[in-house]
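The values are calculated or read from the model by the stated rules, or taken from the named source; none is laboratory data. Only a predicted model underlies this, so the values are computations on that prediction, with no experimental measurement involved. So basically every Cβ, Gly included, is an ideal-geometry build from the backbone, and we count neighbours across all protein chains shown. To get the accessible areas, we keep the full protein, side chains included, count just its heavy atoms, and leave off ligands, DNA and RNA. Shrake-Rupley method; radii C 1.70, N 1.55, O 1.52, S 1.80 Å.
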Amino acid sequence: MDLLAQILINGVLLGGLYAVMALGLALVWGVLNIVNLAHGAFIMLGAYASWYLYTYLHIDPFVGLPITALIMYAFGYALQRGLLNLVIRAPMFNTLLITFGLEVVLTYLAQIMFSADFRTINPPYAGSSLQWGPVVVPVVRLAAFGVAIVLTVGMWLFLLHTRLGMAIRATAQNLLAARLYGVEPRHLYATTFAIGLALAGAAGGLYGTVSQINPYIGATLTAKSFAIAIIGGLDNPLGVLVGGLFLGIVESLTALYIGPTYSDVASFGILVLVLIVRPSGLLGRTA
């Protein structure tokens with residue numbers, strides 16, 4: 001039972017990180033109808049940005065998260081206005097191709113800049129842990145989980161209670177009606193994509209504190225984010241949180257009782273099951 005409790009705690013902490021990784025993908029997909037195959041590459045860039053800030057500027061990785069998010073926000077806004085806006089109304093296959101091309105280019109550029117070596121972000125407290133009875137919780141993983149929860153709930157409140165958030169939701173539901181109410185689509189699309197990249201950058205910074213990074217982690221993170229967004233539902237940030245927690249627990253239990261090599265099999269098996277039983281996701285709207 002002690003081992004099971006430890007595995008469940010590890011799964012919850014992992015799931016919180018998964019949720020914030022998928023949040024940006026779900027936002028961009030739900031509003032812009034772009035399945036961003038470069039999402040994992042943007043998470044990777046965020047991880048490297050945090051690593052650079054910590055290694056060369058000695059900024060704590062958690063303190064540096066707003067800086068990383070701001071850098072990725074500016075990059076995302078410029079990228080959407082300058083490139084992706086040209087294909088925003090094109091068939092989805094075109095957006096898949098262009099985002100896949102972005103993923104390849106960003107991975108190649110990251111390899112040139114940072115080499116293929118594994119990098120780690122190791123603040124002084126990286127080895128610290130808290131113990132509650134038989135359960136040991138690493139401080140870094142607990143802090144990353146806390147930030148992930150704050151970001152997810154903050155995004156939910158932002159979409160529900162701010163003017164910009166309501167404009168984003170209105171545009172996702174009915175573009176014509178939103179334009180009649182004065183929404184300027186090009187600016188809103190760029191802002192939405194920029195917010196998605198800011199979330200990806202923050203997720204990358206958190207990922208870098210709990211795992212090793214290299215230029216090739218993007219494809220795996222994209223696939224994981226895709227699965228979580230589908231399982232939780234594209235139209236509800238809290239659904240993404242539930243999907244991330246659910247997937248983290250499933251993977252941890254699978255690694256314990258079946259084997260660590262079967263974790264991905266279990267997660268994508270859950271994805272297939274959700275698509276069959278409830279295609280809108282666990283908390284997505286069925287209408």
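Examine the stretch 37-45 for a residue that is surrounded by fewer than 19 Cβ atoms within 10 Å (Cβ to Cβ), at pLDDT below 95 and not in a helix (DSSP H, G or I), and state whether such a residue exists.
No, every residue in the stretch 37-45 fails to be surrounded by fewer than 19 Cβ atoms within 10 Å (Cβ to Cβ), at pLDDT below 95 and not in a helix (DSSP H, G or I).
Does V183 meet the test of being open to solvent by less than 20 Å² (accessible area, probe 1.4 Å), touching a helix residue (DSSP H, G or I) at 6+ places or on another chain (Cβ under 8 Å) and either assigned to a helix (DSSP H, G or I) or among the β-branched types (V, I, T) (or both)?
no
Table: residues versus (1) open to solvent by 60 Å² or more (accessible area, probe 1.4 Å); (2) farther than 25 Å from A47 by Cα; (3) modelled with pLDDT of 85 or more.
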| position | (1), (2), (3) |
| --- | --- |
| K224 | no, no, yes |
| V240 | no, no, yes |
| T254 | no, yes, yes |
| P260 | yes, no, no |
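Collect the residues in the stretch 203-220 that are open to solvent by less than 10 Å² (accessible area, probe 1.4 Å), in a helix (DSSP H, G or I) and either among the aliphatic types (A, V, I, L, M) or touching a Lys or Arg at 6+ places or on another chain (Cβ under 9 Å) (or both), keeping them in residue-number order.
A203, L206, G208
Just to be sure before I move on: is M113 assigned to a helix (DSSP H, G or I), within 24 Å of Q212 (Cβ to Cβ) and either out of contact with any Asp or Glu (no Cβ under 9 Å at 6 or more places or on another chain) or free of Cβ contacts under 8 Å to residues at least 12 places away in the same chain (or both) in the structure I sent?
Against the criterion (assigned to a helix (DSSP H, G or I), within 24 Å of Q212 (Cβ to Cβ) and either out of contact with any Asp or Glu (no Cβ under 9 Å at 6 or more places or on another chain) or free of Cβ contacts under 8 Å to residues at least 12 places away in the same chain (or both)), M113 qualifies.
Quick check: is even one residue across the stretch 86-96 in contact with a Ser or Thr (Cβ under 7 Å, 6 or more places away or on another chain) and over 23 Å from N214 (Cβ atoms)?
Yes, the conditions are met somewhere in the stretch 86-96.
Considering each residue of the stretch 46-80, count those that are open to solvent by less than 10 Å² (accessible area, probe 1.4 Å) and either more than 20 Å from P215 (Cα to Cα) or aromatic (F, W, Y) (or both), and give that number.
Residues meeting the conditions: 3.
Do you know which residues across the stretch 262-278 are of a type in the set (S, T, Y) and open to solvent by less than 80 Å² (accessible area, probe 1.4 Å)?
S263, S267
For residues that are open to solvent by less than 60 Å² (accessible area, probe 1.4 Å), farther than 25 Å from V63 by Cα and of a type in the set (A, V, I, L, M, F, W, C), tally how many sit in the stretch 95-144.
6
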